[in-house]
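The values are calculated or read from the model by the stated rules, or taken from the named source; none is laboratory data. The structure presented is a predicted model; accordingly, all values stated were derived computationally and were not measured. Heads up, the Cβs are rebuilt from the backbone with ideal geometry, glycines too, and the neighbour counts pull from every protein chain shown. Note: areas computed on protein heavy atoms with side chains; ligands, DNA, RNA excluded. Shrake-Rupley method; radii C 1.70, N 1.55, O 1.52, S 1.80 Å.
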Number of protein chains: 2
Amino acid sequence: MPSRAQATRDRLQRVALRLFLERGYDATTVNDVAEAAGVSHMTFFRHFPTKESVVLDDPYDPLIGELVRAQPTDLPPLERARRGLLAAWSSLPEPADDETRARVRLVAGHPGLRAHAWENNQRTEDLVAEVLRDGGAPRLEARVAAGACLGALTAALLDWGAADDGPLGPRVVAALELLGGRR
Amino acid sequence: MPSRAQATRDRLQRVALRLFLERGYDATTVNDVAEAAGVSHMTFFRHFPTKESVVLDDPYDPLIGELVRAQPTDLPPLERARRGLLAAWSSLPEPADDETRARVRLVAGHPGLRAHAWENNQRTEDLVAEVLRDGGAPRLEARVAAGACLGALTAALLDWGAADDGPLGPRVVAALELLGGRR
DNA sequence: GCTTCTGATGTTAGTCACTAACATCAGCTG
DNA sequence: CAGCTGATGTTAGTGACTAACATCAGAAGC
């Protein structure tokens, strides 16, 4: 991980977020970002495969997979997914700073970005569904459980982004609790 | 609904699906589709706002909103959403023909298309969440219920698309049943 | 210090989705 | 047949993204 490249990458990301917030995402071209960061647009694309990807990072999949797998297989799949995601959440550092909220809002307010964010989510969902299937769940049930839990997680994140106050954690926990089978 | 325009639209959609299946989505340009349909690329974009939209139609939102709203407000939001979506489903014609399955597969196999399909889904989700809030549900709970139900629906659709046999309807019903609070 | 090698970056010239402005053409109405 | 209107074509863009090739900065070895 050479440091010059890493510095350029960080600079691009920082500058991009700032410009997107200032001028709006669509009104900011990749060229604007590159120029403001003092590089050419090619350098931008060497660090980020798409304009959207500069806003969206999501490296948590492996951890989630592990922790869902660690839940007892005699639970119903929905419950297993739920507990696994709760466990994953509680083992992560709270990333709920203001910059993250700004990022969530940026994404929430832009259909294209929302769609891309959902792609990440979908990858996680596929992973969770696969783990559930390995634990013996029928395919449909595995997918539904994964879809419902990830849907709830996303809802919590968007809800937190739209709110002005309060930490993310409790919302995530509350969202997953709501799937917990009380009626 | 003038008939010439409608005919052109239908032709574009038919030709597009055929070419996408034959050559792949990315390898087919909008110009290819337009040319094969005997029109210019501008005509394509007059009928479909994006290349992706020619594959994705989704006019069911208003019905879903109505039917969720029609469920008793003294039910928990998740249950209300669940029953409303079940009602909406059972009042729709079964669209589960081979062409639809081909379409679902096309979408499932292409990240960009999946993302766009999710946008439609998100619109529906927002609508359902809003209806639930109108019925007195707290914001987070409304979003979670909507997210979980729509996630389950999508899972059912993808599951059906990936399978070789069987109708869609029962899968949808089964998916929503799985959210029905048994543990 | 100088060469050399390599990874980071720049330049240039594309393709393709998508848009705006304006021209034209087909079919219907009077 | 004149005229109107909606469907379509033409042209000329912008902007995301890619490929090919050139260059430049810094570390490694001499």
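None of A:Thr100, A:Thr50, A:Thr124 is crowded, with 18+ Cβ neighbours inside 10 Å and among the polar types (S, T, N, Q) except A:Thr124. Scanning the stretch B:136-171 for residues that are at the interface with chain A (Cβ under 7 Å from one of its Cβ atoms) and among the acidic types (Asp, Glu) gives B:Glu141, B:Asp159. Is it fair to say B:Glu94 is away from DNA strand C (no atom under 13 Å from the Cβ), open to solvent by 80 Å² or more (accessible area, probe 1.4 Å), modelled with pLDDT under 90 and under 30 Å from A:Ala175 (Cα atoms)? No. Considered as a group, the residues in the stretch A:65-83 that are without any contact (Cβ under 8 Å) to a residue 40 or more places away in the chain and acidic (Asp, Glu) include one that is farthest from A:Asn121 (Cα to Cα), and that residue is A:Asp74.
From the list A:Leu63, A:Leu75, the one residue that fits, being away from DNA strand D (no atom under 16 Å from the Cβ) and more than 14 Å from chain B (Cβ to nearest Cβ), is A:Leu63.
When you look at B:Thr50, is it within 9 Å of DNA strand C (Cβ to nearest atom) and over 22 Å from B:Thr100 (Cβ atoms), yes or no? Considered against the rule, which asks whether it is within 9 Å of DNA strand C (Cβ to nearest atom) and over 22 Å from B:Thr100 (Cβ atoms), B:Thr50 comes out as no. Residues in the stretch A:1-41 that are among the hydrophobic types (A, V, I, L, M, F, W, C), touching a residue at least 40 places away in the same chain (Cβ under 8 Å) and away from DNA strand D (no atom under 11 Å from the Cβ): 4 in all.
State yes or no: is B:Gly109 at negative phi, open to solvent by less than 50 Å² (accessible area, probe 1.4 Å) and either modelled with pLDDT of 85 or more or not assigned by TED's automatic domain parsing to the domain that holds B:Ala163 (or both)?
Here the answer is no, as B:Gly109 does not meet what is asked.
Select from the stretch B:7-30 the residues that are open to solvent by 80 Å² or more (accessible area, probe 1.4 Å), assigned to a helix (DSSP H, G or I) and over 17 Å from B:Thr100 (Cα atoms) and list them in ascending order. Answer for the stretch B:7-30, where residues must be open to solvent by 80 Å² or more (accessible area, probe 1.4 Å), assigned to a helix (DSSP H, G or I) and over 17 Å from B:Thr100 (Cα atoms): just B:Arg23.
B:Pro111 meets the conditions (1) more than 8 Å from every other protein chain (Cβ to nearest Cβ); (2) without any contact (Cβ under 8 Å) to a residue 40 or more places away in the chain in every case but one. The failed one is (1). Would you check if there is a residue in the stretch B:65-88 being crowded, with 19+ Cβ neighbours inside 10 Å, within 12 Å of DNA strand C (Cβ to nearest atom) and on the phi < 0 side of the Ramachandran plot? No, the stretch B:65-88 has no match at all. Among all positions in the stretch A:56-63, there is at least one residue which is farther than 30 Å from B:Gly180 by Cα and crowded, with 16+ Cβ neighbours inside 10 Å. Just to be sure, is A:Ala34 in contact with a Phe, Trp or Tyr (Cβ under 7 Å, 6 or more places away or on another chain), within 16 Å of DNA strand C (Cβ to nearest atom) and either not in a loop (DSSP other than H, G, I, E, B) or not charged (D, E, K, R) (or both)? Yes.
Need pairs with beta-carbon distance below 9 Å; first residue modelled with pLDDT under 95 and within the stretch A:42-63, second aromatic (Phe, Trp, Tyr) and buried (at least 18 other Cβ atoms within 10 Å of the Cβ); sequence gap 6+ or separate chains. If the second residue must be aromatic (Phe, Trp, Tyr) and buried (at least 18 other Cβ atoms within 10 Å of the Cβ), the pairs left are A:Glu52/A:Tyr25; A:Val54/A:Phe20; A:Val54/A:Phe44; A:Val54/A:Phe48; A:Val55/A:Phe20; A:Val55/A:Tyr25. Restricting A:Gly166, A:Gly180 to those that are in a loop (DSSP other than H, G, I, E, B), of a type in the set (Gly, Ala, Ser) and under 23 Å from B:Arg80 (Cα atoms) reduces the list to A:Gly180.
If you scan the stretch A:131-141, which residues turn out to be assigned to a helix (DSSP H, G or I) and either touching a residue at least 24 places away in the same chain (Cβ under 8 Å) or at positive phi (or both)?
Hits for the stretch A:131-141 are A:Val131, A:Leu132, A:Asp134, A:Glu141.
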